[in-house]
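The values are calculated or read from the model by the stated rules, or taken from the named source; none is laboratory data. This is a predicted model, so every value here is computed, not measured. Reconstructed Cβ throughout: ideal geometry from the backbone, glycine too, with neighbour counts over all protein chains shown. Side chains included, ligands, DNA and RNA excluded: accessible areas come from the protein's heavy atoms. Shrake-Rupley method; radii C 1.70, N 1.55, O 1.52, S 1.80 Å.
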Amino acid sequence: MDLLTLAVAGVQPLMLLGIIVVAIIIAIAILSYFVPLGLWITALASGVRVSIGSLIGMRLRKIQPQRIIEPLIQATKAGIKVPLPSLESHFMAGGNVKRVINALIAAQRAQIPLEFSRAAAIDLAGRDVLQAVQMSVNPRVIETPIVAAIAKDGIELRAKARVTVRTNIDRLVGGAGEETIIARVGEGIVTTVGSASTHKEVLENPDSISRTVLSKGLDAGTAFEILSIDIADVDVGRNVGAQLQMDQAEADRRIAQARAEERRAMAVAQEQEMKARVQEMRSHVVEAEAEVPKAMAEALREGKLGVMDYYNLQNLQADTSMRASIAKSDNGPVKPE
């Protein structure tokens, strides 16, 4: 019994020691999470003074200290002073702190005036501020799609242009994008070609398109500055004027044909009407001829028509019938021997 009591008494201190060790490990893990000592030491070694309370405050505000401290170290090494609260505020607003700091460093190296507040506003506006700074240093070439335009002589020209632009940082927030530049350049090409008397003028001097379009100030209200507009290719397309004339001639032909059909229909209607009138007149003549014998009989009874007059009338009718039959004969009248 004495040995068992001693064994139990020896186990209790060991269990207590184990609990203390586990508690210490958990406390160190929690402390390491809220107080990133490695990051704090790195900041101090880089000349960035950040208090441990600031790091703990970042953890409590659900901010990853590494995503704030590392860009701050980059800015400090580059000689750019950025307040720590400004970085935290930009991060909590959904901005990309590292990209903004890289943009500030690139702008400083290129001697482009850019403040943190403007860079942060550009980043929050959805623009890539680092790419904007890079485009300010290294201009970008935008190639327009093929633009079809028609000269005054009716010949279609297809032109393609290359527009060299660089970013205008002052107008980057609220300025129009590349689509506006492409649309305006296309409109300028159509206007220039359309004002040319002949397509040959444009083919002989394609640089006239560049000069005219560039003089219009197409970059107004955009986030870019147009440096040059170069016509890459000009091709001759359809003869739109001739096609329009052919279409007009075809339309005129159809109109004339429709009018001729209308006149023919009217002529057919008039012909049918005349035939109806002739038929009506013939019916009246037949009716009148049917009354002639009655009238002659009446005249004979009343003594108004003599027998010799009747015979002379019969002879005249016979002679008329003979002459009509001879006229209708295919062989013509019979020649006397």
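Treating the beta-carbon of each Lys and Arg as +1 and of each Asp and Glu as -1, no other charges, what is the dipole magnitude of segment 182-337 about its Cα centre, to the nearest 20 debye?
640 debye
Translational diffusion coefficient of segment 45-113 at 4 °C, 1.567 mPa s, Stokes-Einstein with Kirkwood Rh over Cα pairs, in µm²/s as a whole number.
Reported coefficient: 104 µm²/s.
What full-extension length gain, to one decimal in nm, is calculated for residue 191 and residue 260 as 0.36 nm per residue of separation minus the Cα-Cα distance? Intermediate values should be presented prior to the final figure.
Working: separation 69, 0.36 × 69 = 24.84 nm, distance 4.29 nm.
Here the answer is 20.5 nm.
Calculate the spin-label point distance for residue 117 paired with residue 207, positioning each point 7 Å from the Cα along the beta-carbon direction, and give it in nanometres.
In this crude spin-label approximation the distance works out to 4.6 nm.
Stretched out fully, how many nm does the piece from residue 42 to residue 250 gain, at 0.36 nm a residue minus the Cα gap? Please report the intermediate quantities before stating the final value.
On the way: separation 208, 0.36 × 208 = 74.88 nm, distance 8.49 nm.
Contour length minus the Cα-Cα distance gives 66.4 nm.
Quick one: what do you get for segment 144-192 if you divide its Cα Rg by 2.2 N^0.38 Å?
On the way: Rg = 13.7 Å, N = 49, 2.2 N^0.38 = 9.7 Å.
Here the Cα radius of gyration is 1.42 times the empirical estimate.
Mean Kyte-Doolittle hydropathy of 0.0 or higher plus an axial Cα length of 15 Å or more: which whole DSSP H helices in the chain meet both? Don't jump to the answer; show the numbers that get you there.
Numbers: long enough: 2-34 (49 Å, 2.32); 65-77 (18 Å, -0.28); 97-109 (18 Å, 0.52); 178-195 (26 Å, 0.49); 240-302 (91 Å, -0.73); 307-328 (32 Å, -0.40).
In the chain, the long hydrophobic H runs are 2-34, 97-109, 178-195.
Kindly provide the trypsin sites (Lys or Arg not before Pro) of segment 56-116 that DSSP labels as loop, not H, G, I, E or B, and whose Cβ sees at most 10 other Cβ atoms within 10 Å. Don't skip to the answer; put the middle values down first.
On the way: sites: 59, 61, 62, 67, 77, 81, 98, 99, 109; in loops: 61, 62, 81.
Sites meeting the loop and neighbour criteria: 61, 62, 81.
Say the dipole of segment 178-326 comes from +1 at the beta carbon of Lys and Arg and -1 at that of Asp and Glu; which of 279, 320, 257 then lies farthest toward its positive end?
Result: 320, furthest along the dipole toward the positive end.
If amide H atoms are built 1.01 Å from N in the plane of the peptide, which residues on other chains or at least 5 residues away come under 5 Å of the amide H of residue 161?
Amide H neighbours of residue 161: 144, 232.
Whole number in Å², please: accessible area per residue of the chain, 1.4 Å probe, ligands, DNA and RNA not counted.
Normalised by residue count, the accessible surface of the chain is 67 Å².
Under 5 Å between amide H atoms, partner at least 5 residues away or on a different chain: which partners does residue 227 have, H built in plane at 1.01 Å?
164, 165, 166
Could you work out the equivalent-ellipsoid semi-axes for segment 230-323, taking the square root of 5 times each eigenvalue of the Cα gyration tensor, largest first, in whole Å? It would help to have the intermediate numbers written out before the result.
Working: eigenvalues 1145, 38, 8 Å².
In descending order the semi-axes read 76, 14, 6 Å.
How large is the helix-only mean residue ellipticity at 222 nm for the chain, computed as the sum of -39500 (n - 2.57) over DSSP H runs with n ≥ 4, divided by its residue count, in deg cm²/dmol to the nearest 500? Don't jump to the answer; show the numbers that get you there.
Values: 13 runs with 221 residues, N = 337.
Only helices count here, giving -22000 deg cm²/dmol.
Eigenvalues of the Cα gyration tensor times 5, then square-rooted: what semi-axes does that give for the chain, in whole angstrom, largest first?
Rounded to whole Å, the semi-axes are 115, 36, 16.
Tell me the carbon and sulfur percent of the accessible area for the chain, rounded to whole percent, probe radius 1.4 Å.
58 percent
Amide H neighbours of residue 238 under 5 Å, at least 5 residues apart or on other chains, H built in the peptide plane: list them.
Hits under the 5 Å cutoff: 156.
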